Amino acid sequence: YDGSCSLQWNVGGLRFACANGMVLMDDFLKAYGKHTRNLDIAKVVKEVNNALHIYLHQAEQWQGWINAPVTEAQVRHILQQMPGHNDVLENKLFGYFQDEAQDQGATVWSLYNAMTFWSTHEDVRASSEGNRASIVVDRERKVRSVMNNPAFLAAAA
C-alpha cells in the first residue's frame, strides 16, 4: 500500500434478506486517519469495540420498530423531512414504503427499510457510476438525518 489515500471506516450493517445497508441513527464511528507511523491501531480497535456495543443497542431499537405502527400521513410527513426533499423523491420513497408494508405491515420498520432500500439500491446516473460509493454514503447521511428528526423519533417511540 503506497499510503496515498487515508484509512477510512464507517461501522454499519447489511440486512441479508435484501442486502440493504443498515443505516444507524448515530454516525458514531466514522473516521479516517492518514497512513503514517502515528496511526494508532490500538485506538482503532478500542473504537470498533465501542461501536459494537452501540450497534447492539441499535439492533434492539430495530426490533421495536417491527411492531411500531405508522400511518400513511405520518410516513409522508417523515419523508418531507429528508434533506433535499422534493415531490419526486418523496413519491418514490412512499412507493417503496407501500411495497414494504404489503409484506410486513405499515410499521416504522417498513419505512426504515424503504429508506435503506433507496439509499443502497437506487440507480445512479451512468456518468456518476464511478462515484457510486460516495453517492450511497450521502444517501445514508440523508436517511440518518430523517431518523433523528422528531417526526421519525415520535413514530418509533
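The values are calculated or read from the model by the stated rules, or taken from the named source; none is laboratory data. Values in this document were obtained by computation on a predicted structure and should not be read as measured data. Protein only, heavy atoms only, side chains kept; ligands, DNA and RNA dropped before computing areas. Shrake-Rupley method; radii C 1.70, N 1.55, O 1.52, S 1.80 Å.
In whole percent, and with a 1.4 Å probe on the protein chains, what portion of the accessible area of segment 80-142 is carbon and sulfur?
45
Between segment 114-149 and segment 41-108, how many Å separate their Cα centres?
13
With every protein chain kept in the model, how would you rank 87, 103, 138 by accessible area, 1.4 Å probe, largest at the top?
Values: 87 105, 103 130, 138 60 Å².
Sorted descending by solvent-accessible area, the residues read 103, 87, 138.
Residue-wise, which Karplus ³J(HN,Hα) couplings in Hz belong to segment 42-47, taking 6.51 cos²θ - 1.76 cosθ + 1.60, θ = phi - 60°, and x for glycine or proline?
4, 5, 4, 4, 4, 5
In square angstrom, what is the accessible area per residue of segment 104-157 with a 1.4 angstrom probe?
Numbers: 2430 Å² over 54 residues.
I get 45 Å² per residue for this part.
For residue 107, enumerate residues with amide H under 5 Å from its amide H, sequence gap 5+ or separate chain, H modeled in the peptide plane.
70
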